[in-house]
Amino acid sequence: MSDDKLTPLRARIDAIDAQLLDLLNQRAKVAQEVGHVKAETNAPIFRPERELQVLRNVAERNPGPLIDSDLQTIFREIMSACRALERRMTVAYLGPEGTFSEAAVYSHFGHAVNGLPCASIDEVFRATEAGVADFGVVPVENSTEGAVNRTLDLLLQTTLTISGEVSLPVHHCLMTASGSMDGIRRICAHPQALAQCQGWLNQHYPALARDPVSSNGEAARIAAQDHAVAAIAGEMAGEKHGLRVVNSQVQDDPHNRTRFGVIGRLRTAPSGHDRTALVLSVANKAGAVYNLLAPLARNGVSMTRFESRPARMGTWEYYFYVDVEGHADETRMATALTELKENAAFFKVLGSYPCSL
Ligand SMILES: O=C(O)C(=O)C[C@]1(C(=O)O)C=C[C@@H](O)C=C1
């Protein structure tokens, strides 16, 4: 195409961009006004239920040709930038940079936040509890490997609540400094990632040692320095350390996903499409769990997840991590929770939050 034909089209794009620029700044000024109103009442800056509603509206009103998920990414960033004018928040996550946890932070909050990489899940909780971070993002479960036990144990004790969730596809790559496997003697990754790729590794590299390390980002860092090491990590972590991809999509399940929880002091208001996370325990007797959960069915509350963890008191007692559909402020849910509490030896609401998109 000659530039003669491009020039008028680009002039139209320039004119539309000028309108977009003006509209975006108009929007930002209104968000600043919202910020002033919130400051007067000490109301929370971040309102996940409102942001979810904006994103759902975008999808509902979208005439195309842009696809819903791309537009939602753009609007997520617009809200993130507007929110940062009210105040730029700090979000702790399981580091180092380049991990899926970091991707989860930006997918939930947009990029106008300060990410705070932490060395462990414990540290994410500590930083958030201490107020060093406004929120923390921690892995909760993986579709191949199941629950992240450390997160479940810490949720039991924390004073923080779950204010949101993020579900991300997790695609692993095998990467080395050279882009080939020549001279490689071991493969490093987080134990969860090694487990998610074990079938593929058994088939393709059965003789290579597998070395569990603290994170996939750490594995990428090691592989960049030690050329006898290959890393399994997300492509982002590899890029950050200058690694080259030997094989992509090496996870056994092509639909592998991880669900992350957003923890903080915020009690998220209902968005109309919410989930409530609970922890319960009950005396170790026949039929006890059945009776414990009966109030859910009685009040028409659906359970979407049921996970048990040993109470670690040597008595074969368990904590049950239960996710149910709905918000704790809804009447039928409030009734179900009151009845659940009556039967439970231990009862804690971890939080109500909007289901991820
Ligand atoms: O509606 C609000 O409470 C706002 O502060 C505005 C806004 C937005 O940009 O749309 C920004 C931050 C909140 O998390 C939700 C929405």
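The values are calculated or read from the model by the stated rules, or taken from the named source; none is laboratory data. Source: prediction; values computed, not measured. Cβ placement follows ideal geometry from the backbone for every residue including glycine, while neighbour counts extend to all protein chains displayed. These area figures cover heavy atoms from the full protein model, side chains too; ligands, DNA and RNA do not enter into them. Shrake-Rupley method; radii C 1.70, N 1.55, O 1.52, S 1.80 Å.
Values as computed for the structure displayed
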| quantity | calculated |
| --- | --- |
| Unmet requirement for residue 236, which otherwise passes all of (1) part of a helix (DSSP H, G or I); (2) of a type in the set (A, V, I, L, M); (3) open to solvent by less than 50 Å² (accessible area, probe 1.4 Å) | (3) |
| Test: residue 44 is within 16 Å of the ligand (Cβ to nearest atom), under 16 Å from residue 107 (Cα atoms) and surrounded by 12 or more Cβ atoms within 10 Å (Cβ to Cβ) | no |
| Residue check for residue 193: open to solvent by less than 30 Å² (accessible area, probe 1.4 Å), part of a helix (DSSP H, G or I) and more than 30 Å from residue 270 (Cβ to Cβ) | yes |
| Failed item in (1) modelled with pLDDT of 95 or more; (2) part of a helix (DSSP H, G or I); (3) surrounded by 22 or more Cβ atoms within 10 Å (Cβ to Cβ), with residue 201 passing the rest | (3) |
| Helices (runs of 4 or more DSSP H) fully within the stretch 48-148 counting 3 or more residues that are within 16 Å of the ligand (Cβ to nearest atom) and surrounded by fewer than 18 Cβ atoms within 10 Å (Cβ to Cβ) | 48-61, 68-86 |
| One residue from 308, 281 being crowded, with 17+ Cβ neighbours inside 10 Å, out of contact with any helix residue (DSSP H, G or I) (no Cβ under 8 Å at 6 or more places or on another chain) and within 21 Å of residue 158 (Cβ to Cβ) | 281 |
| Per-region count, the stretch 210-249, residues without any contact (Cβ under 8 Å) to a residue 40 or more places away in the chain and touching a helix residue (DSSP H, G or I) at 6+ places or on another chain (Cβ under 9 Å) | 5 |
